[in-house]
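The values are calculated or read from the model by the stated rules, or taken from the named source; none is laboratory data. Values in this document were obtained by computation on a predicted structure and should not be read as measured data. No Cβ is skipped: glycine too gets one built from the backbone with ideal geometry, and neighbour counts run over all protein chains shown. We work out accessible area using only protein heavy atoms, side chains counted, and drop any ligands, DNA or RNA first. Shrake-Rupley method; radii C 1.70, N 1.55, O 1.52, S 1.80 Å.
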Amino acid sequence: MPFRPRYTGLIERYRDRLPVSADTKIISLGEGNTPLLKLNNIPKHIGKNVEIYVKYEGLNPTGSFKDRGMTMAVTKAVEAGSKAIICASTGNTSAAAAAYAARAGITAFVLIPDGKIALGKLAQAMMHDAVVIQIKGNFDEGMQLVKDVAEHAPVTIVNSINPYRLQGQKTAAFEIVEELGRAPDYHCLPVGNAGNITAHWIGYSEYASKCGDHVTDACALCHGECKFTKDAVISSRPKMVGYQAAGSAPFMRGEMVDNPETVATAIRIGHPQSWDMAWKVKEESEGWFDECDDDTILAAQKLLAEKEGIFCEPASATSLAGAIRDIQSGKIPEGSVVVCTLTGHGLKDPDIAIKQSSSPLITVDANLDAVRDAILGNLAK
Ligand code: F0G
């Protein structure tokens, strides 16, 4: 039987492009290496000749892209001797922080907005034994508190203001390039704090550059100790397109939003931490920001689940919702290769999924006639 090496996570995979040394003890749960699925039915459904791929980041170990950044952040925190990590979170970062802290044998403190995170994410933080602090405020207030408290307590912040987070997350761009054999023309992402869109741009930029090139200020390629002796892997980079929920769209308003509101609780963020970097990404890539209302987001989540068998959480569907609209309007032209990142798994937020499901639950007596009638009655649908 032919053997292949066991996949042991993205730090091992991209060791030569990440700030780790031979002695670094890696804290991994086998994250990364997620499927890049080509949509078969939705392009036909919208009647457009485009190649749409979704990068299904919900298949990371804790069900979101946060694991990519968290393996790096926790690995580096442990390397620096830290015994505790802390984050503010709309849910997914807290789930990832809790899991990687458990793996490392250190403590995770997570600040979450009271009553505003999806149930699956709360269950994860609790199950991995994080210290869960619910604040009577939103993510932005939690983020400020984390920054303040970290000055008074021996804790390492693992939000995306920790530069190692973006280093880990950039590997998603590497994987996409390796599978497509090129960069996509457009890369669409949901935007909250704007760390992920920045991280992808770092990744694409790194693959487009040679040793010594610094194509963007956001590029943390070598930190002055250049060890990249590679040739460029790609000759062009995608246009980066960031979509926000309409009630939570500071990049569309051009200023911070104080009371963000959206059904896509993961991106219910009014004061993005990577504000300057994300504007730079938009300009350098010649991309754009846009917004989608909650109904459009939920419709895209449903469409993807019904037409392609792919279940993502509401925030994740924002990338596809925006992409479909821009494909239909021709802003993204036919013939394009488009990648949409699906940031988190649909099971994270079962409440919203069940609420908007159109299939009625059928309850019948436990006998053959009743079950047969239920089947025949629904076959024609
Ligand atoms: N999609 C999901 C599912 C998320 O959880 C997040 C962010 C984003 C998109 C936006 O990514 O912030 O890099 O622009 N969630 C953070 C959290 C804020 O706490 O889990 P971003």
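Points to keep in mind about this one:
- Helix-derived mean residue ellipticity, 222 nm - over the chain, DSSP H n ≥ 4, -39500 (n - 2.57), to 500: -11500 deg cm²/dmol
- Our estimate of slack between LEU180 and GLU286, defined as 0.36 nm per intervening residue step minus the Cα-Cα distance, is 36.1 nm.
- Computed label-point distance, nm, for sites ILE362 and HIS45 using a 7 Å Cα→Cβ extension: 2.2 nm
- Label point distance in nm, GLN328-LYS355, each placed 7 Å from Cα along Cα→Cβ: 2.3 nm
- The chain, accessible surface, carbon-and-sulfur percent (1.4 angstrom probe): 52 percent
- Restricting attention to region 21-148, close to 25% of DSSP beta bridges with both partner residues there are antiparallel.
- Using a Förster distance of 22 Å, the FRET efficiency for ASN378-GLU306 (Cβ separation, nearest 0.05): 0.90
- Each part reduced to its alpha carbon centroid, region 100-173 and region 259-336 end up 23 Å apart.
- Length released on extending from THR24 to MET252, taking residue separation times 0.36 nm less the Cα-Cα span: 78.0 nm
- The length gained by stretching the chain between SER235 and ARG4 to full extension, at 0.36 nm per residue less their Cα-Cα distance, is 80.1 nm.
- Cross-link check: pairs LYS38/LYS307; LYS170/LYS280; LYS66/LYS170; LYS66/LYS280 evaluated at a Cα-Cα cut-off of 18 Å; pairs beyond the cut-off: LYS66/LYS280.
- Along the chain, longest interval not containing exposed GluC sites (Glu not before Pro), exposed being DSSP loop plus at most 14 other Cβ atoms within 10 Å: 1-150
- Pairs spanning more than 27 Å between alpha-carbon atoms, out of LYS48/LYS239; LYS136/LYS282; LYS48/LYS121: LYS136/LYS282; LYS48/LYS121.
- Enclosed volume per residue, in Å³, of the convex hull spanned by Cα atoms of the chain: 177 Å³
- Ratio Rg/Rh, restricted to region 246-381 and using Cα atoms, in which Rh is the Kirkwood radius: 1.11
- ASP23 accessible area, assembled protein chains, probe 1.4 Å, Å²: 140 Å²
- Beta bridges from DSSP with both residues in the chain: antiparallel share about 15 percent, rounded to the nearest 5.
- Anisotropy class assigned to region 1-113 is oblate, per the alpha carbon gyration tensor with a/c at or over the 1.5 cut-off and a/b no larger than b/c.
- Overall form of region 46-203 per C-alpha gyration tensor (a/c, 1.5; a/b vs b/c): prolate
- What region 106-168 shows is 49 Å² of accessible area per residue, with the surface traced by a 1.4 Å probe over protein heavy atoms.
- Calculated FRET efficiency, GLN134 to ILE161, Cβ-Cβ distance, R0 = 22 Å: about 0.55 to the nearest 0.05.
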